[in-house]
Amino acid sequence: MAKRSSTKDLRMRERLIQEAARIMADEGVRDHYQAKRKAAERLGARDTRNLPSNREVQAALVEYQRLFLGAEQGAYLRLLREAALQAMAFFEPFRPRLVGPVLSGTADQACDVHLHVFAETPEEITLFLMERGIPHETSERRLRFGREHWEMRPVIRFVAGEHVVDLTVFSPKGLREAPRSQVDGRPMQRAALAEVEALLANEDEDRAAEPFLP
């Protein structure tokens, strides 16, 4: 009986992983926990304590996009990375770093461009935008550092062309320690302008190397 129950639990866990990944890919849900709860409700497992990890859902999301979205998702990702590169060049005085789905490769057409920028005060960034006549809005974001230490960080958002650029503002010391990723709990991956340029160059090389199919 215990073995049968264990097998059933494993099957449900796998169904939750796949459904949560589908929800993130097809419905634009960005938060892993929200996607898992939605998946549990739809599969009739609202009260389950056997939710999969964010890392499992993220891996399934990558595979889902590869199988079902393919070139379409790749095209959106390319556009977003190009937009990120332009935004990073614009904010070069504030040592911008690309983070999130546009960097990891899971971004789609509904994603924003997320950058970390570094200044003594958030007002430096808002003044920079105001002097250039760029409308923007401000808010805050709660981020985790270390195991259990949480801090609020200023957020500035504005529209650049067809994309929303989301800036999280850190002090210059913030370059030394990235906040923790919600996917695996490790310090978030950050990429400087030259690294994003290299990503795009590698994409061009891969595309050039693909065989021509008439």
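The values are calculated or read from the model by the stated rules, or taken from the named source; none is laboratory data. Predicted model, so just to flag it, every value in this text is computed and none were measured. A quick note on method: Cβ atoms are made from the backbone with ideal geometry, for glycine too, and the neighbour counts reach across all protein chains shown. Remember, those area values only see protein heavy atoms, side chains included, never the ligands or the DNA or RNA. Shrake-Rupley method; radii C 1.70, N 1.55, O 1.52, S 1.80 Å.
When we screen 196, 155, 183 for residues that are without any contact (Cβ under 8 Å) to a residue 60 or more places away in the chain and not small (Gly, Ala, Ser), the only hit is 155. Residues in region 121-149 that are in a helix (DSSP H, G or I) and surrounded by 12 or more Cβ atoms within 10 Å (Cβ to Cβ): 122, 123, 124, 125, 126, 127, 128, 129, 130. Residue count for region 19-71, restricted to those that are touching a residue at least 12 places away in the same chain (Cβ under 8 Å) and acidic (Asp, Glu): 4.
Residue by residue, here is whether (1) modelled with pLDDT of 95 or more; (2) β-branched (Val, Ile, Thr); (3) open to solvent by 60 Å² or more (accessible area, probe 1.4 Å) holds:
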| residue | (1), (2), (3) |
| --- | --- |
| 48 | no, yes, no |
| 56 | no, no, yes |
| 61 | no, no, no |
| 67 | no, no, yes |
| 75 | no, no, no |
| 78 | no, no, no |
| 83 | yes, no, no |
| 93 | yes, no, yes |
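Of everything listed in (1) farther than 25 Å from residue 173 by Cβ; (2) in contact (Cβ under 8 Å) with a residue 60 or more places away in the chain; (3) not aliphatic (A, V, I, L, M), the single unmet condition for residue 96 is (1). Residue 43 meets each of the listed conditions (1) surrounded by 12 or more Cβ atoms within 10 Å (Cβ to Cβ); (2) under 24 Å from residue 112 (Cβ atoms) apart from (2). In region 95-113, of all residues being open to solvent by 20 Å² or more (accessible area, probe 1.4 Å) and assigned to a helix (DSSP H, G or I), the one that is nearest to residue 194 (Cα to Cα) corresponds to 104.
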